[in-house]
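Just below is one structure, and these are the notes that go with it.
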């Protein structure tokens, strides 16, 4: 199990326990995190699940080509730690992860 | 006090309801779904879910969302009739609900195959479809898929990855004939063949038997037959209510039907686009059109002016390891030029009209796709000469023009 904490733009936090293989966008939608739309259903086609990774206890692979391109082209002000959370999968390698939900 | 009723809880209907609530905290919103599941994402059904023994379902909104947003979501709720004269809908159980504005988001239904045995072939459209198809697909050894459009190709490529013996039966000369530029359709066809798919082009299907498909090219053995031969708009309710329809429910550029209190959105709506009318089956269209119509309805209720729909269409299809992405509305009638720089498994093709870029199809080239989307959204003329001057790098061109 991995502990995932979402911080919304209004400052409210949602913390959930997640199973291996689940991606953060699904967790956000299932738990009513405000600001994550996931319009394309996790197909890495839009930028409506943008988060920044604030804290990571464990290891996580970086963005793939498609995700990197979307972050470069679709996100207005991408950060070093920007990710599309439909591409961030929970695994045994991660004890906990804290992310902030970004606009758009 | 009656408010707004949305018929259909697919991507467009749910997004319309959510956008309405964001814009107006008070208005009564009723969302009617004929399905029994909470509203879910449809694209993953044919791209991933049907190949997964767990049959994962991805919700459009969390379980508690509808209650929290005060949206009256009614599942298993079929609408029997729309009554424009007294502004009401009649449900299958006889109840009558009144509206001030009605949004029709009834989507499409799969075409059936009008051949002997056609009713035994399975399609992929709803979660209920994959609940019955998924286990059969996992158990099957030989799978035949009829139809070489996006859904047919997605299901065929996924089944191949599962190790099935896969036959893809296509009427036309290549896969994705109407969906992408010919040169890309040819490439996708040959890549699927290289991966071991039996692609039968120019193939006419005669009948479906228990052990396969009878075609004009001989008998194709299969213990499971799946169809992906397109979908037609669900027009019955609109037609019975006297609304103007063609391929879809006709709407003006603001999303309004021929009745001023009724709107149509998503796959079912046929709207003005370019010089003609267009119906689009896509997530982009469902998302953007529903948001616009929600805003227009609230504006109208507040006595404000509404806006016209000016989309930049985009589409995608995941077929095994192939990711196809289309920006703009291409056409077989346009000129197609491939950008240099493609590889064995990647390609970018520009659709041109009078030397101007109208649409861009890409295979495994996401940078070009996103740049093309951005370039088309600028609504400025992009000529082939401009693309050439940027060394055929669409990202570079976008960054120059931005």
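Every read-out reported here was derived from the displayed coordinates using simple, explicitly stated rules and does not represent laboratory data. Predicted model, so just to flag it, every value in this text is computed and none were measured. Cβ sites come from the backbone with ideal geometry, for glycine too, and all protein chains shown count toward neighbours.
Which of B:62, B:179, B:295 moves most in a GNM of chain B, Cα contacts under 10 Å? Maximum fluctuation in the GNM of chain B, among the listed residues, is at B:62. Spatially, segment B:36-94 and segment B:188-259 are offset by 23 Å when compared through their Cα centroids.
Fully extending the segment from residue A:79 to residue A:55, taken as 0.36 nm per residue of separation minus the present Cα-Cα distance, adds 7.2 nm. Spin-label model, residue B:379 to residue B:211: label points 7 Å out along the Cα-to-beta-carbon direction sit 6.1 nm apart. With a Förster radius of 22 Å applied to the C-beta separation of residue B:219 and residue B:119, the computed FRET efficiency comes to 0.65. Here the ratio of the Cα radius of gyration of chain B to 2.2 N^0.38 Å is 1.03.
Between A:87, A:13, A:79, the residue with the greatest mean-square fluctuation in the GNM of chain A (Cα pairs under 10 Å linked by springs) is A:79.
With the helix formula -39500 (n - 2.57) applied to DSSP H stretches of n ≥ 4, chain B reaches a computed 222 nm mean residue ellipticity of -8000 deg cm²/dmol. Taking 0.36 nm per residue of separation and subtracting the current Cα-Cα distance, fully stretching the chain between residue B:2 and residue B:331 would add 114.1 nm. Per residue of B:316-328, other chain Cβ atoms within 10 Å of the residue Cβ number 1 on average.
Sketch the reach of a paramagnetic label on residue B:308 as a point 7 Å from Cα along Cα-to-Cβ, and name the residues of segment B:243-261 whose backbone nitrogen lies under 12 Å away. Within reach of a label on residue B:308: B:252-255. Using C-alpha pairs below 8 Å separated by at least 6 residues, the relative contact order for chain B is 14 percent.
The mean sequence separation of alpha-carbon pairs under 8 Å and at least six residues apart, normalised by the residue count of segment B:1-40, gives a relative contact order of 54 percent. Note on segment B:35-160: Kirkwood hydrodynamic radius from all Cα pairs is 17.3 Å, rounded to one decimal.
I need the calculated FRET efficiency for the pair residue B:68 and residue B:139, taking r as the beta carbon distance and R₀ as 60 Å, to the nearest 0.05. Computed FRET efficiency for residue B:68 and residue B:139 comes out at 0.90. With R₀ fixed at 51 Å, the C-beta to C-beta distance from residue B:195 to residue B:301 puts the FRET efficiency at about 0.45. Taken residue by residue and averaged, Cβ atoms of other chains lying within 10 Å of the Cβ of A:36-49 number 6. Our note on the geometry: Cα centres of segment B:359-390 and segment B:1-26, 34 Å apart. Give the shape of the protein assembly as shown as rounded, prolate or oblate, defined through the alpha-carbon gyration tensor: a ≥ b ≥ c are the square roots of its eigenvalues, a/c under 1.5 means rounded, and otherwise the shape is prolate if a/b is larger than b/c and oblate if not. Verdict is rounded for the protein assembly as shown.
Mean-square fluctuation check for chain B, GNM, Cα pairs under 10 Å: which of B:332, B:375, B:110 is largest? Sorting by GNM fluctuation, first place goes to B:332. Binning the C-alpha pair distances of segment A:2-101 at 10 Å intervals from 0 yields a P(r) profile of 17, 55, 28, 0 %, listed from the shortest bin outward.
Using every pair of distinct Cα positions in segment B:145-292, the Kirkwood expression returns a hydrodynamic radius of 17.4 angstrom. Take every Cα pair under 8 Å whose residues are at least 6 apart in sequence, average their separation, divide by the length of chain A, and the relative contact order is 42 percent.
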